[in-house]
1. Report, to the nearest 10°, how far helix 147-166 tilts away from the longest principal axis of the Cα atoms in the chain, using its own Cα long axis and a range of 0 to 90°.
2. So, counting K/R as plus one and D/E as minus one, what does the shell of residues with Cβ under 13 Å around Asp313 add up to?
3. For the chain, what is the relative contact order in percent, using Cα pairs closer than 8 Å and at least 6 residues apart in sequence?
4. Can you work out ³J(HN,Hα) from phi for every residue in region 202-213, in order, using Karplus 6.51 cos²θ - 1.76 cosθ + 1.60 and θ = phi - 60°, giving whole Hz and x for Gly and Pro?
5. Which of the peptides 311-320, 277-286, 199-208, 49-58 is most tightly packed, and how do the rest follow, judged by the mean count of other Cβ atoms within 10 Å per residue?
6. Through the Karplus equation 6.51 cos²θ - 1.76 cosθ + 1.60, θ set to phi - 60°, convert the phi angles of region 301-317 into ³J(HN,Hα) values in whole Hz; use x for Gly and Pro.
7. Which order do the peptides 255-268, 297-310, 68-81, 129-142 come out in when sorted by mean C-beta neighbours inside 10 angstrom, highest first?
8. In what sequence, highest mean first, do 217-223, 119-125 appear when ranked by Cβ atoms within 10 angstrom?
Amino acid sequence: MKKIVITGGAGFIGSHIVDHFARHYPNAKITVFDKMTYAADIHNIMPLIETDRIELIVGDVCDLQKCYTLLKDCDLLIHAAAESHVDNSFGNSLEFSRTNVLGTHALMEAALKSSVPKIIHVSTDEVYGEVIEGRVDESAHLLPTNPYSASKAAADMVIQGYKKSFHLPVITVRSNNIFGIRQFPEKIIPKFLLLMMMGQKLPLHGTGQNMRHFLAAQDLCQALDILVQKGEIGQIYNIGTMDEYKNIEVAEMICALFDQNPKEAITYIDDRPFNDARYAITWEPLKALGWKPAIHLRDQLPDMARWYYDNFDRFAKNGEERINAPKLQKAA
């Protein structure tokens, strides 16, 4: 493989994908294509830029002409660029449709015209909507419930059309919530870690009983690599984990890291206009290829707390200061 293009590669998930493929494909030229919006950070990929291991091109996936140039002689395209924060989608839904739907459409059109031989499209389990009981597989209907998941489902449908009409060589992945270092602090784990460091309360939507499965960024990258090598073109693969927690449980684990009383540290705020109670998926096709999750949220939280403590200034605004250093002990 000579050339790999990764969209959104300066963001949280994208930068972990870049790290993995730069390490495991040393002979490939890797190009990162990123708009460098608020959730991207040059620091995420700077070590690889400084060593000339990767190239960063700043641009918008909606720019069809730039996509044509980007994908010339590309052997593998991993499309991870997206607007992804559900809260933001309620107030800025058109931007989500623009980036996630039109951007994906432009990229797939450019990939078709450029004859890219393999494409991995990073979707989400949220396109299946609420799963109150049990788990759903890749054949489940798409039932998105908010502007973010609707835009991702629409992108999946654009890709489905290109697969059927033009036999575009795409593999779609739908994963659980991803956790790890470098995540922008709008999502629950990094947000609550930083709030703890500033001595502020942890705001939980509604009653805090909503449940989520948490998949490590490194496990996601391992899954993508296996699919690059063994995945069947045209198929959809769920990427899941059994690590399931209520939001209140996540907050309590973070409180334990800081030796704080959850009853005093947690506050409850108005819920989202709609807040899915639970997502849950199976991943038998990926398991059959030899993949399984290896990293657990509970085990990783202390190291994540230390990373956010050491990189606090990267995310601090308006002169905020750390008040408490994390007690790096296993959450109870």
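Just so you know, all these numbers are worked out from the coordinates, no wet-lab data involved. These numbers were taken from a predicted model, which means no experiment stands behind them. Cβ: placed from backbone, ideal geometry, glycine included. Neighbour counts: every protein chain shown.
1. Once rounded, one gets 20 degrees.
2. On the way: positive: Arg314, Lys317, Arg322; negative: Asp41, Asp310, Glu320, Glu321.
Neighbour charge sum, excluding Asp313 itself: -1.
3. On the way: 650 pairs, mean separation 57.5, N = 332.
Reported as a whole number, the value is 17 percent.
4. Computed from phi, the couplings for region 202-213 are 9, x, 9, 5, x, 9, x, 8, 4, 10, 9, 8 Hz.
5. On the way: 311-320: 11.5, 277-286: 18.7, 199-208: 16.5, 49-58: 13.7.
Ranking, from highest mean packing down: 277-286, 199-208, 49-58, 311-320.
6. 4, x, 5, 5, 4, 4, 4, 5, 5, 5, 10, 4, 5, 5, 10, 5, 10
7. On the way: 255-268: 15.4, 297-310: 18.1, 68-81: 20.4, 129-142: 13.9.
With the highest mean Cβ count within 10 Å placed first, the list reads 68-81, 297-310, 255-268, 129-142.
8. Values: 217-223: 22.6, 119-125: 24.6.
Put in order of decreasing packing, that is 119-125, 217-223.
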